[in-house]
Amino acid sequence: MSKIALVTGAGSGIGRACALGLLAEGWQVALLGRRAEALQETAEAAGVNAGHALPLPCNVADEDEVAAAFAAIKQRHGRLDLLFNNAGGGLTAKTPDLVTGAEWRQIVDVNLNGAFYCLSQAFKMMKEQQPMGGRIINNGSISAYTPRPGSIAYTATKHAVSGLTKTAALDGRPYDIAVGQIDIGNAASEMTARMVAGALQPDGSMRPEPRMDLQAVVDTFLAMARLPLTANVLFTTVMATNMPYVGRG
């Protein structure tokens, strides 16, 4: 019997690549994202496995939309084996005094609140289903540990995602819910395209940064997803070998 997964931010980049990796391995995959057409493109990219994809347009920052999406998954499949909490975004580089309250709330709503809403719904389903349990993988970031200059909203939310991971991993133990985090640095996607031209460095300079192929992320993610629930990768980092990271230098 196929396992059931849900991937947020599945319309592009890391979310799309990881969803396609799961579909290629025979998973049934619910695709969450704000753009219906992008989710459909992800499903069609799965080729012969396109019928195993369930596009569900959803803004993860909206608690009611998230609840409705999980209800649709429960109605169609009856259970959930894996949540990849991947949706997120950031702002252009700016110092804290230049970040407006609206911008701050926008990033917190998606990166932190959205991750919590999905994690909470996944816990509810995984606790109630038979057999009980499942896996949750949160997309943290290199910024969950080391900030880039001008990234206070993004960095704060990613530090907070690490708190979600640690607490949920503890709270999930009695219910066979394994919670881990994948921290990704400079994967070749739409979000990092600007790094090829140059990214702001701590010394104020703009310098190009190397990126890794998305397949490296997919391979790391799938290694986590394949584990039995008796084993868990709590935190793992996959990054372009020569990118700035420790001390951002």
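The values are calculated or read from the model by the stated rules, or taken from the named source; none is laboratory data. Nothing here was measured: the structure is a model prediction, and the numbers come from that model. We place every Cβ from the backbone using ideal geometry, glycine too, and count neighbours over all the protein chains shown.
For Phe123, are the conditions met, namely being assigned to a helix (DSSP H, G or I), touching a strand residue (DSSP E or B) at 6+ places or on another chain (Cβ under 8 Å) and of a type in the set (Phe, Trp, Tyr)? Answer is yes for this residue. Among the numbered conditions (1) in contact with a helix residue (DSSP H, G or I) (Cβ under 9 Å, 6 or more places away or on another chain); (2) of a type in the set (D, E, K, R); (3) not in a loop (DSSP other than H, G, I, E, B), the only one that Lys166 does not meet is (1). When we screen Gly26, Gly78, Gly114 for residues that are crowded, with 22+ Cβ neighbours inside 10 Å, out of contact with any Leu (no Cβ under 8 Å at 6 or more places or on another chain), modelled with pLDDT of 95 or more and within 23 Å of Gly134 (Cβ to Cβ), the only hit is Gly114. Would you confirm, using the coordinates I've provided, whether Glu44 is closer than 24 Å to Ala188 by Cα, without any contact (Cβ under 8 Å) to a residue 12 or more places away in the chain and part of a helix (DSSP H, G or I)? Yes, satisfied. All of (1) under 19 Å from the mean Cα position of the chain (by Cα); (2) modelled with pLDDT under 80 hold for Met206 with one exception: (1).
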